[in-house]
Structures are given as structure tokens and as C-alpha cells.
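**Q** Structure in C-alpha cells, see below.
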Amino acid sequence: MRDVVGKCPHCEYAGNVGEACRERVCSRKGYHFIPINHFEDLKDRPFHARDQHIGLVMGDYLIVGEVGKGGFGKVYLALQLPVLMKAALKLMVRGSSDPVTAATLLKKFEGEALSLARLNHPNIVRLLKYGTFVDTPYIVMEYVEGGRTLKQEVTERVFIGDGFETATAKHIVGQILNALESAHAQKIIHRDIKPENIMLQHVAGDKYFVRILDFGLSKFVEDRTQTSMVVGTPTYMAPEQITGKNIGPWTDIYAIGVIAYEMITGRRPFAGKSRQEIFSRKLDPLYNPVERILDVGYPEVVLRFFERAVAREADDRYSNVHEFRDGVERVFRALEKTQHVSISSSDLAQL
């Protein structure tokens, strides 16, 4: 492979990308030269403020930058050596010295790797490798380039006052359902479907190609172990996640029901100022989220769909992707006939 000139992120010596830095301290710590463009991203930070993992090589992956945090780990941009292919490397964060907590964290981190290893679908980010570095496990996944989260997309639309066209909302929701159908066929429940975990990638021919991220809270249907820990994101959590009751495909269906409600109406079905207020509304048998959109004048089929999609009891909900897909297809047909734009700017302001 052709040599590419880079710099050490910690002493700023120059050398070929991927080669070990020969400066005494950096050599002892195992640092390597990274590409100049990635070095430029951190050169203005003082040395002590630079992430100490940047410049390390884990397996054949050179860490060159920070991406963010995922479930139970920190995510880095990595380059596979020697071809310098971009990848996302999630390194488990050991946040507790308590052995029980640490064991639980490790089990969940390994569970994400096991889930991704069983999944092969274009709308789900692929697992590339699972390994350990100095006794700390890491997961290497596809790097979604040219992407933004659904949350970022909605936030920008709020700012400029531009709602989703029905066709766009239909396209995005349909792809999320395709991904969930694949996961559920492998007996995997995601348990944390939310706009932050849905990437919209701009690829040739498609501005809104969906990639599902972060299976850190995923659960195998055949795993009957119970936990008293409430896991998930309050706005998108199903009632059974709050109460610790049996979860299943219907749990993910509830989350996509909430997302569809937000994309189509521009309002949150269980809006609340606190986690407890959101939970209280989700568990209240007298609270009806459809009442929040009665003033809009949606066709009856839309109202009935949302009553079922985000029903409190799992038995009253769509039980699988096929049922949900049939219901939401009727909703989009009705919206197209009545020329409803999915979200008006005034509704978006309430998100």
C-alpha cells in the first residue's frame, strides 16, 4: 500500500499513517501516526484534553477520532489498516468498579455484538468485528457516511418550519419496519428504537436511506431472564418496559408507533416535562393520546391507527410488523387522498 504521511496525535511527530510513533513516551503508550486531516481536528486542543485512545491500534483498526457515545460505550472513527477503510469502533466504557454492575455491562455489550452478528439487512448497520483491547471489549461496525439522525432531521425541520411530505414519511417508516421485520425474524427485540438511533443516509438515488443503530439494549426473545432495571428512552418506551412485564415484537412496534405519530402529526403522544410525567401518562388507562390531534381534522382511519399503535396494553396493539405495516399503509393512503402534509410548521414547534 502507498505510504500516507500523518502525525502522532500526542507528540505531533510526523510519520506514515498506521506506523508506530518512535517518540519515547508515545512508543511506550502504543501510539501510531494518524492522517493529517484527522490530526487537524484535534490540534487546537491541549495535549491533556486529547482523547487518550486516539492513535491506538485495536486489532487492525487505527483510532483517529471521536464520533459520540452509544449504549454502554464510546464510539470512535477508526481506519482499517492498511486500506484505511472507515469504520465505527465502539469501546466498552467501564463506568463502575462494582463487579456485579461490571458483569451486567459486559453482558449487555456482548449482547449487542451477538445481535449484530445475527443480522444481515441493508437497513441495519453491519458488524465487522468483535474483539478485546487490554481486557476491554470493542465492537467494530460500518461507518455511516453522509448520514444524519432522524432526530437531527426533525430538529432542522422545526427550525425552518418545513414538515415531512407524506411520501417522505412513508419511505422512512417503511424502511424502519423492514429493519425491524428482519430483527424480529431472528428473535431479536431492539428495545430502544428512537430518532437518535435511526440514521438517514444520503446515497445515490435516495436522500433518506435508513440505517438502524445501537442494539445495546437488544434482547433475544428466547432469553427469559428478567431485570428490575428500567431500560430505554422514556418518550419511546412501551408501558411493559416501565412495569417490567413481558416484552416482545410489540414493544418495538410501540416505539415506531410513537415515531410515526410524531412524524405525521408533529406532536408527541405522551408529552411531559419529566420522565415521571411521561411514564404516568403511558400507564394511565384514562389518558388517550389521540385526543391531542382531534383538532387537526385527520380522517378516522388515522385516529384509529394511532389508538392501536400506541395502546397501553400490548394485546390491544399491533402484534407484529405485518399488522402495523397494513395499518400505516392505510394511513398514508388516506393522507394522500386528503392532501395532508405530514407535519405543519405550527405542529412542529410543539416537538
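**Q** Hey, if you put +1 on the Cβ of every Lys and Arg and -1 on every Asp and Glu Cβ in region 147-348, which of Ser280, Phe164, Val301 ends up farthest toward the positive end of that dipole?
**A** After comparing all options, I get Ser280.
**Q** Can you find, among Thr104, Cys26, Val4, the residue farthest towards the positive end of the dipole of the chain? Put +1 on the C-beta of Lys and Arg, -1 on that of Asp and Glu.
**A** Value: Cys26.
**Q** Another one. Multiplying the sequence separation of Thr168 and Arg94 by 0.36 nm and subtracting their Cα-Cα distance, what value in nm do you get?
**A** 22.6 nm is the gain from fully extending Thr168 to Arg94.
**Q** Counting Lys and Arg as +1 and Asp and Glu as -1, each charge on the Cβ, what is the dipole of the chain about the Cα centre in debye, to the nearest 20? Please report the intermediate quantities before stating the final value.
**A** Working: 46 positive and 44 negative charges, 127 e Å.
Dipole size: approximately 620 debye.
**Q** Give the angle, between 0 and 90 degrees and rounded to the nearest 10, that separates the Cα long axis of helix 321-338 from the longest principal axis of the Cα atoms of the chain.
**A** Compared with the principal axis, the helix lies near 70 degrees.
**Q** For the chain, build the charge dipole from Cβ charges (+1 Lys, Arg; -1 Asp, Glu) around the Cα centre, then report which of Leu77, Asn246, Leu91 sits farthest towards its positive end.
**A** Final value for the positive-end residue is Leu91.
**Q** Okay, next question. Beyond 16 Å, what share of the Cα-Cα pairs of region 8-62 remains, rounded to the nearest whole percent?
**A** Details: 480 of 1485 pairs.
Taking all Cα-Cα pairs of region 8-62, the fraction more than 16 Å apart is 32 percent.
**Q** Right, another one. In a Debye calculation with equal point scatterers on the alpha-carbon sites of the chain and no solvent, what is log10 I(q)/I(0) at q = 0.06, 0.07, 0.14 Å⁻¹?
**A** -0.26, -0.35, -1.14
**Q** Please work out how much length the chain gains when fully extended from Asn37 to Glu323, using 0.36 nm per residue of separation minus the C-alpha to C-alpha distance, in nm with one decimal. Before the final figure, lay out the partial values.
**A** Working: separation 286, 0.36 × 286 = 102.96 nm, distance 4.84 nm.
So the extension gain works out to 98.1 nm.
**Q** Can you give the angle from 0 to 90° between the axis of helix 166-185 and the longest principal axis of the chain, with both taken from C-alpha atoms, to the nearest 10?
**A** Result, in degrees: 70.
**Q** Can you tell me the order of 236-247, 290-301 when each peptide is scored by its average per-residue count of other Cβ atoms within 10 angstrom, highest first? Intermediate values should be presented prior to the final figure.
**A** Numbers: 236-247: 18.3, 290-301: 13.7.
Highest mean packing first, the order is 236-247, 290-301.
**Q** Another question, then. Order these by the 10 Å Cβ neighbour count, fewest first: Ser182, Ser280.
**A** Values: Ser182 19, Ser280 14.
The fewest-first ordering by Cβ neighbours comes to Ser280, Ser182.
**Q** Setting aside same-chain residues fewer than 8 positions from Lys207, which lysines have a Cα under 20 Å from its Cα?
**A** Lys151, Lys170, Lys194
**Q** For the chain, set up a GNM with springs between Cα atoms under 10 Å and report which of Val75, Val67, Val83 has the largest fluctuation.
**A** Residue with maximal mean-square fluctuation among Val75, Val67, Val83: Val83.
**Q** Taking the Cα atoms only, what angle lies between the long axis of helix 99-117 and the longest principal axis of the chain, rounded to 10 degrees?
**A** 80
**Q** Check cross-link reach from Lys337 to the aspartates and glutamates: straight Cα distance under 14 Å, and skip same-chain residues fewer than eight apart.
**A** Glu165, Glu300, Glu329
**Q** So between Leu303 and Thr104, what do we pick up on full extension, going 0.36 nm a residue minus the alpha carbon distance? Can you show the working numbers first?
**A** On the way: separation 199, 0.36 × 199 = 71.64 nm, distance 4.10 nm.
Additional length available on full extension: 67.5 nm.
**Q** So which aspartates and glutamates pass the test for Lys107, namely a Cα distance under 18 Å, with those fewer than 8 places away in the same chain ruled out?
**A** Within the straight-line cut-off, Lys107 pairs with Asp98, Asp135, Asp192, Asp214, Glu222, Asp223.
**Q** Quick check on region 1-92: take the gyration tensor over C-alpha atoms, sort the square-rooted eigenvalues as a ≥ b ≥ c, and tell me if it's rounded (a/c under 1.5), prolate or oblate. Don't jump to the answer; show the numbers that get you there.
**A** On the way: a/c = 1.60, a/b = 1.20, b/c = 1.33.
The shape class here is oblate.
**Q** Here's something else I'd like to know. When the helices in the chain are scored as -39500 (n - 2.57) per DSSP H run of 4 or longer and the sum is shared across all residues, what 222 nm value do you end up with, to the nearest 500 deg cm²/dmol? It would help to have the intermediate numbers written out before the result.
**A** Details: 11 runs with 126 residues, N = 351.
Value at 222 nm, helices only, nearest 500: -11000 deg cm²/dmol.
**Q** Work out the FRET efficiency for Glu291 and Lys29 from their Cβ-Cβ distance, taking R0 = 56 Å, and round it to the nearest 0.05. Please report the intermediate quantities before stating the final value.
**A** Numbers: r = 60 Å, r/R0 = 1.06.
For Glu291 and Lys29, the calculated efficiency is 0.40.
Values in this text are rule-based calculations from the coordinates and carry no lab data. Keep in mind it's a predicted model, so treat the numbers as computed, not measured. Positions of Cβ are generated from backbone atoms using ideal geometry, with glycine treated the same way; all protein chains shown enter the neighbour counts.
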